[in-house]
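All remarks here apply to the structure that follows.
The values are calculated or read from the model by the stated rules, or taken from the named source; none is laboratory data. In this text the structure is predicted, and so the values were computed from the model without any measurement. Backbone-built Cβ (ideal geometry, glycine too); neighbour counts: all protein chains shown.
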Amino acid sequence: MFILYHDYSLLERNTFGIDVKAKSFLSFSDAEGLIQFYQSNPEYRNVEHLIVGQGSNLLFLHDVDELVLSSDVFGIGVLKEDKESVWIEAGAGIDWDEFVAFCVGNGWGGVENLSLIPGKVGAAPVQNIGAYGVEVGPVIREVHGVDLQTLQEKTFTREMCQFSYRNSIFKQKWKGHFVVTSVVFELNKKPAFQLDYGDVAVEVERLGKVSLSNIRRAVIAIREQKLPDPETIGNAGSFFKNPVMEEEKTHTLKAKYPDIPLYPAGAGKVKIAAAWLIEHAGWKGKRTGRAGVHDRQALVLVNHGGATGQEIFDLSEQIRNDVEKKFAIQLEREVNVIG
């Protein structure tokens, strides 16, 4: 099934709260609905399109002329299970944190550290979302969707997804050509807990014994303390990626700034905390007009009310320029700029 709208407001479809409209907006409830739409409306085959979920990783600069696709596929089902693990298929339109709560409630481990990340299940493999020492890629078994070039359903295995830090094949080779309709996860009934990132261990200890539910509660408490609620003030979470550099290139930085946070990133590489760079470039809590940097988390840019996407983008450019001047490091946006 599908529904096509015209002049559709995207105000509720982006967590920055940017007031823009889509010329055409398509909601579909299954792969067959998306395929049926294109087959019965061939004039749209040559129209540029944009895939939008909750819009928690988007910054709109102006109204959208492209056809906006919304994968509103719901439902969760167990595909198979044994004593060690369970395979679950979840619709792309399900709220990500509701999915995490469902898994934790059933005693299935693997996504508890990813609690309270905004967005939909369908965006998880695209972004290879991650937090507190965990990425979603390792627990994904398959990604189902539609190849928009052939209008055929297609399945990607974990290996085919080419997951890397905040990246996947869906942001590269298959960008714009594939629409996620559901994701299959393999979760553990006897999980190995990940506590050695940030303040998770300290918060879990405060809550009591180590468990899936306490890890989830700990992560939520930490995120709520550090990150603003998009319902209260417009934002898209982490605006920039944490830079990854060759370890040998960080020695000079460490000598000059002994307290700079560095984290192992594998294969002789080191991840640098972008929030620290932004804060020490003087931007934490700073405001320019209706856009600003959050006063508790420098990695988050916010809409103080009525800001345009261009205002927020311009602010991000100023931050990138200042960080590069001070540290000779180029920040890369995690948020996708549309326009």
Look through the range 307-335, keep the residues that are touching a residue at least 40 places away in the same chain (Cβ under 8 Å) and among the small types (Gly, Ala, Ser), and return whichever of them is surrounded by the fewest Cβ atoms within 10 Å (Cβ to Cβ).
Ser316
Is it fair to say Thr150 is out of contact with any helix residue (DSSP H, G or I) (no Cβ under 6 Å at 6 or more places or on another chain), more than 30 Å from Lys269 (Cα to Cα) and part of a loop (DSSP other than H, G, I, E, B)?
yes
Could you identify the single residue in Ile260, Ile233 that is of a type outside the set (Asp, Glu) and without any contact (Cβ under 8 Å) to a residue 40 or more places away in the chain?
Ile260
Residue by residue through the range 94-135, note down the ones that are free of Cβ contacts under 8 Å to residues at least 60 places away in the same chain, within 23 Å of Leu58 (Cβ to Cβ) and more than 13 Å from the chain's Cα centre (by Cα).
Ile94, Glu98, Phe99
Subset of the range 9-22, residues under 20 Å from Val179 (Cα atoms) and in contact with a Phe, Trp or Tyr (Cβ under 8 Å, 6 or more places away or on another chain), comes to Leu10, Asn14, Ala22
Elements of type strands (runs of 3 or more DSSP E) in the range 195-305, at least 3 residues being of a type in the set (Gly, Ala, Ser):
234-238
If Ser85 satisfies all but one of (1) touching a residue at least 40 places away in the same chain (Cβ under 8 Å); (2) farther than 30 Å from Lys189 by Cβ, what's the number of the condition it fails?
(2)
Any residue at all in the range 289-304 that's over 26 Å from Asn14 (Cβ atoms) and at pLDDT below 95?
no
For Gly122, only one of the following conditions fails: (1) crowded, with 23+ Cβ neighbours inside 10 Å; (2) touching a Lys or Arg at 6+ places or on another chain (Cβ under 7 Å). What is its number?
(2)
May I ask you to list the residues in the range 228-250 that are modelled with pLDDT of 90 or more, closer than 18 Å to Lys326 by Cα and either of a type in the set (D, E, K, R) or surrounded by fewer than 13 Cβ atoms within 10 Å (Cβ to Cβ) (or both)?
Lys241
Please find, among Val64, Val86, the residue that is closer than 24 Å to Phe193 by Cβ, touching a Lys or Arg at 6+ places or on another chain (Cβ under 9 Å) and either buried (at least 21 other Cβ atoms within 10 Å of the Cβ) or modelled with pLDDT of 95 or more (or both).
Val86
Screening Val202, Val180 for residues that are loosely packed, with under 13 Cβ neighbours inside 10 Å and outside the structural domain of Ser56 (by TED's automatic domain parsing) leaves only Val202
For the range 278-327, give me the residue count where each residue is touching a helix residue (DSSP H, G or I) at 6+ places or on another chain (Cβ under 7 Å) and farther than 24 Å from Ile260 by Cα.
5
From the list Tyr165, Tyr197, which residue is touching a residue at least 40 places away in the same chain (Cβ under 8 Å), under 19 Å from Val111 (Cβ atoms), surrounded by fewer than 17 Cβ atoms within 10 Å (Cβ to Cβ) and assigned by TED's automatic domain parsing to the domain that holds Lys83?
Tyr165
Assess whether Glu231 counts as being of a type in the set (D, E, K, R) and either assigned by TED's automatic domain parsing to the domain that holds Asp63 or under 26 Å from Asp97 (Cβ atoms) (or both).
yes
Any idea which residue in the range 30-57 is surrounded by the most Cβ atoms within 10 Å (Cβ to Cβ), counting only those that are under 29 Å from Glu334 (Cβ atoms) and modelled with pLDDT of 95 or more?
Leu34
